1. Would you mind finding the one in Lys160, Lys148, Lys170, Lys176 that is closer than 18 Å to Asn211 by Cβ and not aliphatic (A, V, I, L, M)?
2. For the range 210-232, enumerate the residues that are touching a Gly at 6+ places or on another chain (Cβ under 8 Å) and basic (Lys, Arg).
3. Could you check, for the range 101-110, whether at least one of its residues is within 18 Å of Gly29 (Cβ to Cβ), basic (Lys, Arg) and at pLDDT 95 or above?
4. Given Ile171, Ile218, which one is among the hydrophobic types (A, V, I, L, M, F, W, C), touching a Phe, Trp or Tyr at 6+ places or on another chain (Cβ under 6 Å) and under 26 Å from Asn38 (Cα atoms)?
5. For the range 1-34, which residues satisfy the criterion of being of a type in the set (D, E, K, R), without any contact (Cβ under 8 Å) to a residue 40 or more places away in the chain and more than 30 Å from Lys149 (Cα to Cα)?
6. Quick check on Asn166: is it over 22 Å from Ala217 (Cα atoms) and within 18 Å of the chain's Cα centre (by Cα)?
7. Suppose we filter the range 19-60 for residues that are among the basic types (Lys, Arg) and assigned to a loop (DSSP other than H, G, I, E, B); how many remain?
8. Answer yes or no as to whether Ile191 is within 15 Å of Val99 (Cβ to Cβ), without any contact (Cβ under 8 Å) to a residue 40 or more places away in the chain and assigned to a strand (DSSP E or B).
Amino acid sequence: MLSKKLILKKTHDFSASKKPELTVVLIHGIASDSTTYNNALAYLEGTVSLKNVRFVTFDLLGSGKSVKSDKLEYDYKEQIEALHNAILKLKLDTPLVLVGHSLGSFIVTKYADTYKKSIKKLILVSAPVYTPEDLKNPAFKAGMEAFKKAVALKNPGILKDKMFINSMAKIVENPKNYKTLAELKTRTVMIYGNEDQLIAAYNYPKLLKDNAKYISAIKTIGRHGVTRDKYNKVREVLEEVLNA
């Protein structure tokens, strides 16, 4: 680990109001950065009903403008520490909603599990829900390898990138992820596309049953990306939070 305090680089911070009522922090997925949310932010920040919301994005460690180093492990401990320091620096005086896409959904869930009472709501977009049994299944492992190769076609050299390698091994393929979700005690809405082949949606019914008190799900159209159908649903969830 680097000797200096870990903190994520803030890349966007906007509110149409001088006195926002809610802060929303959005965390991106793997092999990406905070620009994942550019279209979503343009839509959300232009929505009159959300004029009292402050929207903030960060780049994860090893991504975009945040620190990248071979001395980092890019595991939960480091990403959570860096996210927490970044959130503290915001000096919030409003409730906080965390939005995570794909890998980011794991990180914000782990953050909420760590800092239980500090999060108003989680919104998980295209959240992979892998059970320990999935991760041991040879066919599933083959599918994960195919995913990595597909990512490498768009990002040459990424299969040698420590952030990508360790994020997959230590976070995405962490066998404790399902238990964390199943035992989570933060109100959570999962938004996912009906054609998303990366999230193991066949596990959603089981998860919703295992944690019916805290987790709900919204199925929409589309695949894995942060597309209009998904951020339209994010808007609806945020409106509910504001009106609660």
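The values are calculated or read from the model by the stated rules, or taken from the named source; none is laboratory data. From a predicted model like this one, the values you see are computed outputs, not experimental measurements. Glycine also receives a Cβ, built like all others from the backbone with ideal geometry; neighbour counts cover every protein chain displayed.
1. Working: Lys160 fails: closer than 18 Å to Asn211 by Cβ; Lys148 fails: closer than 18 Å to Asn211 by Cβ; Lys170 fails: closer than 18 Å to Asn211 by Cβ.
Only one candidate passes the filter, namely Lys176.
2. Hits for the range 210-232 are Lys219, Arg223, Lys230.
3. Going residue by residue through the range 101-110, those that are within 18 Å of Gly29 (Cβ to Cβ) are 101-110.
After this cut, where a residue has to be basic (Lys, Arg) as well, the list is 110.
This time we only want the ones that are at pLDDT 95 or above, so: 110.
Looking through the range 101-110, at least one residue is within 18 Å of Gly29 (Cβ to Cβ), basic (Lys, Arg) and at pLDDT 95 or above.
4. Values: Ile218 fails: touching a Phe, Trp or Tyr at 6+ places or on another chain (Cβ under 6 Å).
One residue alone meets the criteria, Ile171.
5. Here is the first cut: in the range 1-34, the ones of a type in the set (D, E, K, R) are 4-5, 9-10, 13, 18-19, 21, 33.
If we keep only those that are without any contact (Cβ under 8 Å) to a residue 40 or more places away in the chain as well, we get 4, 18-19, 33.
Once the filter is applied, which keeps residues that are of a type in the set (D, E, K, R), without any contact (Cβ under 8 Å) to a residue 40 or more places away in the chain and more than 30 Å from Lys149 (Cα to Cα), the range 1-34 yields Lys4, Lys18, Lys19.
6. Working: over 22 Å from Ala217 (Cα atoms): yes; within 18 Å of the chain's Cα centre (by Cα): yes.
In short, yes.
7. So in the range 19-60, the residues among the basic types (Lys, Arg) come out as 19, 51, 54.
So of that shortlist, the ones also assigned to a loop (DSSP other than H, G, I, E, B) come out as 19, 51.
Total meeting the criteria: 2.
8. Details: within 15 Å of Val99 (Cβ to Cβ): yes; without any contact (Cβ under 8 Å) to a residue 40 or more places away in the chain: no; assigned to a strand (DSSP E or B): yes.
Taking the combined requirement at face value, the residue does not satisfy it.
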